[in-house]
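*Asks:* Take a look at the following structure, please.
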Amino acid sequence: MLPKADVHLHEEWSPRLDRVLANRNGTTPFDWATWRAELQENVPAGLARLQQLSRVSPAPVEADTDAAFFQRVVDTLTESAESGSHYTELRFGNDTVLRPGFMRMFRDAEAQVRQRHPRFRAEAIISVLMWYEPRRLYRIIDACEAAADDGLAGIDILYVPYAAEADWRTARHVVGLARDAGLGITVHAGEFSPANIAAVAGIDGVTRIGHATHAAADPRLLSLLVERDITVEVCLTANLLLGAVAGLADHPLPRMLDAGVKVALGSDNPVQFGSTIEEEYHLAAELGLSMEQLTDLTRNAVRAGFTTPERKADLLADLDRAGASLPA
Ligand SMILES: [Zn+2]
């Protein structure tokens, strides 16, 4: 099997926990397939659909004990490894970084998954919500800086307005602090409009952008991404479901590659979207990508990954070995 990597994956704490608890208790989890069908039928494509994501919380916050947290991380990473990922970055909500022992529990969960999938490696990222009031925001940033010493790999910046140009002054400061702490930085941008892509690509320290689907509308944006050596995290199922593109054939992934933009793949919200990283690679193949191009997506994910040089070297060596055994 082609070694894959997933560098855009959200924890979906409540939907994931609901599924883990339902599995354990033999009950029926929330029906996301029906939710998806209704979303596409009743909610206009674009931002309005994205805003529905956090409206359903099937598992209550009281159920998210440390034991439950550990179980849902194991569940997410197991699913990712079984879907063929060798390298997965999992994004957690910003308050997760305040949970005592968070990085230790994450590493324990990774170790448990690696018992059955020894080539698999995972890193943790904190999604930082820029709309928090400054005191709360900087409490999160301080905690991220401290967690970097325990192995936290990076931060993912989310902000408002998402589909119109935002004010990047505070984010620039946050990026500088995170970079100085040795954290990788990715930013969600350009999912539903070309807004913010140029601003984000211009911030020193940002090496990846989540989605940037609308960069392809403007050749200058594609050139800028190449010039700034930004790796774009493409999530095909998410783009289709939320209506960031009209259909798979309209997806700009091939145009990004033609322009020389580096791309890696992500399953985004697997429980809610019914996605897997394996399916993301299938969809990329349907868009006409060759086996070599698909392998390059994994290579890009590792090279742009927020992991240690040692882990990158191991992962790239794995890829070279796998490449040698793949049919030409
Ligand atoms: Zn995302």
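*Asks:* With respect to Asp167, determine if the residue is under 30 Å from His214 (Cα atoms) and open to solvent by 30 Å² or more (accessible area, probe 1.4 Å).
*Replies:* Taking the combined requirement at face value, the residue satisfies it.
*Asks:* Mind checking whether some residue in the stretch 248-270 is in a helix (DSSP H, G or I) and within 13 Å of the ligand (Cβ to nearest atom)? Before you say what the answer is, go through the steps one by one.
*Replies:* Here is the first cut: in the stretch 248-270, the residues in a helix (DSSP H, G or I) are 248-250, 253-258, 270.
With the extra rule that they be within 13 Å of the ligand (Cβ to nearest atom), the set shrinks to 270.
Yes: one or more hits.
*Asks:* Of the conditions (1) at pLDDT 95 or above; (2) closer than 29 Å to Ala178 by Cβ; (3) away from the ligand (no atom under 16 Å from the Cβ); (4) buried (at least 18 other Cβ atoms within 10 Å of the Cβ), Leu98 satisfies every one except a single condition; which number is it?
*Replies:* That leaves (4) as the condition not met.
*Asks:* I would also like to ask the following. Does the stretch 290-307 include one or more residues that are part of a helix (DSSP H, G or I), of a type in the set (Ser, Thr, Tyr) and either open to solvent by 20 Å² or more (accessible area, probe 1.4 Å) or touching a Phe, Trp or Tyr at 6+ places or on another chain (Cβ under 9 Å) (or both)? First the steps, then the outcome.
*Replies:* So in the stretch 290-307, the residues part of a helix (DSSP H, G or I) come out as 291-303.
Filter once more, keeping what is of a type in the set (Ser, Thr, Tyr): 295, 298.
Now narrow it down to the ones that are either open to solvent by 20 Å² or more (accessible area, probe 1.4 Å) or touching a Phe, Trp or Tyr at 6+ places or on another chain (Cβ under 9 Å) (or both): 298.
Checking the stretch 290-307: at least one residue is part of a helix (DSSP H, G or I), of a type in the set (Ser, Thr, Tyr) and either open to solvent by 20 Å² or more (accessible area, probe 1.4 Å) or touching a Phe, Trp or Tyr at 6+ places or on another chain (Cβ under 9 Å) (or both).
*Asks:* Checking Val160 against (1) in contact (Cβ under 8 Å) with a residue 40 or more places away in the chain; (2) under 21 Å from the mean Cα position of the chain (by Cα), only one condition comes out false. Which one?
*Replies:* Tallying (1) in contact (Cβ under 8 Å) with a residue 40 or more places away in the chain; (2) under 21 Å from the mean Cα position of the chain (by Cα), Val160 fails exactly one: (1).
*Asks:* Which of the residues belonging to the stretch 271-289 are more than 18 Å from Glu82 (Cβ to Cβ), among the hydrophobic types (A, V, I, L, M, F, W, C) and outside any loop (DSSP other than H, G, I, E, B)?
*Replies:* Result: Leu283, Ala284, Ala285.
*Asks:* For a quick check of your reading: which helices (runs of 4 or more DSSP H) sit entirely within the stretch 1-74 and have at least 3 residues that are within 16 Å of the ligand (Cβ to nearest atom) and closer than 27 Å to His188 by Cβ?
*Replies:* The qualifying helices (runs of 4 or more DSSP H) are 13-25, 47-50.
Here is a yes/no grid of residues against (1) away from the ligand (no atom under 16 Å from the Cβ); (2) over 28 Å from Ile141 (Cα atoms); (3) of a type outside the set (D, E, K, R):
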residue	(1), (2), (3)
Ile185	no, no, yes
Asn196	no, no, yes
Ala199	yes, no, yes
Thr237	no, yes, yes
Ala244	no, yes, yes
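*Asks:* With Ala48, Ala68, Ala59 as the choices, which residue is crowded, with 20+ Cβ neighbours inside 10 Å, farther than 30 Å from Leu319 by Cα and at pLDDT 95 or above?
*Replies:* Ala59
The values are calculated or read from the model by the stated rules, or taken from the named source; none is laboratory data. Quantities reported herein were computed from a predicted structural model and do not represent experimental measurements. Cβ sites come from the backbone with ideal geometry, for glycine too, and all protein chains shown count toward neighbours. Just so you know, the surface numbers come from the protein's heavy atoms only, side chains and all, with ligands and any DNA or RNA stripped out. Shrake-Rupley method; radii C 1.70, N 1.55, O 1.52, S 1.80 Å.
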